[in-house]
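Student: Structure in structure tokens, see below.
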Amino acid sequence: MTIVVAIDGPAGAGKSTIAKALAKKLGVKYLDTGAMYRAVTFLALNDGVSLHDEAAVAKLSVDCALDVGEETVTINSIDATRAIRGPEVTNKVSLVATNSLVRNELRTRQREWVRMNDGGVVEGRDIGSVVFPDATLKVYLTASPLVRAKRRVAQSGGDVERIAAEIAERDLRDSTRADSPLMKTDDSITVDTSDRSIDEVVAHLERLARVADEKRAASR
Ligand code: DC
């Protein structure tokens with residue numbers, strides 16, 4: 001049986017940590033689609049392509065060899081694992097994420113990845129709404145803005161107030177863009193991770209995924 005779990009939500013909600021742990025529990029692979037948008041942003045900056053030149057950035061996304069693994073991200077044979085988390089990419093990636101041509105290309109790759117891996121836990125912003133509308137389970141992860149900023153600071157350092165402002169700006173861009181904005185679908189379950197441990201959330205989601213999978217199998 002193919003299990004596909006879609007995990008969407010704003011930055012700092014705990015998506016990556018939870019999605020990775022959940023994938024392990026379910027015995028499937030994990031895909032971070034944000035890393036794909038980040039890698040294309042990195043490549044454009046690296047190649048001196050203007051992020052405002054939509055056609056040129058789209059061409060890069062179509063032509064590139066992109067490998068997003070659990071530990072490393074490689075684009076055109078360049079190890080971009082660290083660079084895609086740096087401030088330059090982080091502050092510019094939402095511009096690339098508004099490029100519909102890039103979104104089209106990356107969605108195609110995301111669907112292909114799930115097909116090749118026979119399911120998976122996929123995290124992003126438009127996974128349950130657009131990429132996998134028929135996912136076994138759709139989760140909308142969230143947390144209070146302050147908790148999210150503190151998590152980012154614990155991960156990568158910086159000043160909580162400044163990071164909170166940057167997160168708010170990125171949230172606004174992600175949720176107001178014309179093409180597949182971040183949103184909660186009616187059939188997704190919302191989990192607020194502010195006051196819950198990772199283990200607790202993962203165990204809860206594992207149960208939900210298994211029940212949803214069994215229900216599907218029974219209805220076939
Ligand atoms: O999850 P993240 O912070 O690594 O995501 C980086 C950016 O990519 C962020 O601006 C949201 C965007 N993104 C998106 O638009 N759609 C996705 N499926 C995943 C990420």
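Nothing in this text is a laboratory measurement; each read-out follows from the coordinates by a stated rule. From a predicted model like this one, the values you see are computed outputs, not experimental measurements. Methodologically, a virtual Cβ is constructed for each residue, glycine included, from the backbone with ideal geometry; neighbour enumeration extends over all protein chains shown.
Student: Show the residue pairs that are 6+ apart or on different chains and have beta-carbon atoms under 8 Å apart, the first residue being within region 185-214 and outside any loop (DSSP other than H, G, I, E, B), the second being aromatic (F, W, Y).
Tutor: The qualifying pairs are I189/Y140; T190/Y140; V191/Y140.
Student: Same structure, new question: Could you please find all residues in region 130-154 being surrounded by fewer than 23 Cβ atoms within 10 Å (Cβ to Cβ), outside any loop (DSSP other than H, G, I, E, B) and within 14 Å of the ligand (Cβ to nearest atom)?
Tutor: Within region 130-154, V130, Y140, T142, R151, R152 qualify.
Student: Against the definition (part of a helix (DSSP H, G or I), in contact (Cβ under 8 Å) with a residue 24 or more places away in the chain and touching an Asp or Glu at 6+ places or on another chain (Cβ under 9 Å)), how does V114 come out, yes or no? Before the answer, list the steps.
Tutor: Details: part of a helix (DSSP H, G or I): yes; in contact (Cβ under 8 Å) with a residue 24 or more places away in the chain: yes; touching an Asp or Glu at 6+ places or on another chain (Cβ under 9 Å): no.
Spelling it out, it is not the case that V114 is part of a helix (DSSP H, G or I), in contact (Cβ under 8 Å) with a residue 24 or more places away in the chain and touching an Asp or Glu at 6+ places or on another chain (Cβ under 9 Å).
Student: With the requirement that a residue be in contact (Cβ under 8 Å) with a residue 60 or more places away in the chain and closer than 27 Å to A218 by Cα, what does region 9-27 give you?
Tutor: A19, A21, L22, A23, K25, L26
Student: Kindly indicate whether G157 is among the small types (G, A, S) and within 24 Å of V5 (Cα to Cα).
Tutor: Working: among the small types (G, A, S): yes; within 24 Å of V5 (Cα to Cα): no.
No; evaluated as a whole, the condition is false for this residue.
Student: Then there's this: Considering only residues of region 39-91 that are in a helix (DSSP H, G or I) and β-branched (V, I, T), which is farthest from the ligand (Cβ to nearest atom)?
Tutor: Filtering region 39-91 for residues that are in a helix (DSSP H, G or I) and β-branched (V, I, T), the one farthest from the ligand (Cβ to nearest atom) comes out as V62.
Student: Give the residues of region 167-206 that are within 16 Å of the ligand (Cβ to nearest atom) and β-branched (V, I, T), sorted by residue number.
Tutor: I167, T176, T185, T193
Student: Based on this model, can you work out whether G124 counts as surrounded by 19 or more Cβ atoms within 10 Å (Cβ to Cβ), in contact (Cβ under 8 Å) with a residue 12 or more places away in the chain, within 17 Å of the chain's Cα centre (by Cα) and more than 15 Å from the ligand (Cβ to nearest atom)?
Tutor: Considered against the rule, which asks whether it is surrounded by 19 or more Cβ atoms within 10 Å (Cβ to Cβ), in contact (Cβ under 8 Å) with a residue 12 or more places away in the chain, within 17 Å of the chain's Cα centre (by Cα) and more than 15 Å from the ligand (Cβ to nearest atom), G124 comes out as no.
Student: Take region 163-220 and flag every residue that is surrounded by fewer than 14 Cβ atoms within 10 Å (Cβ to Cβ) and within 18 Å of V96 (Cβ to Cβ).
Tutor: Within region 163-220, E169, L172, S175, T176, A178 meet the criteria.
Student: Could you tell me which of the residues L101, L106 is in a helix (DSSP H, G or I), in contact (Cβ under 8 Å) with a residue 12 or more places away in the chain and away from the ligand (no atom under 13 Å from the Cβ)?
Tutor: L101
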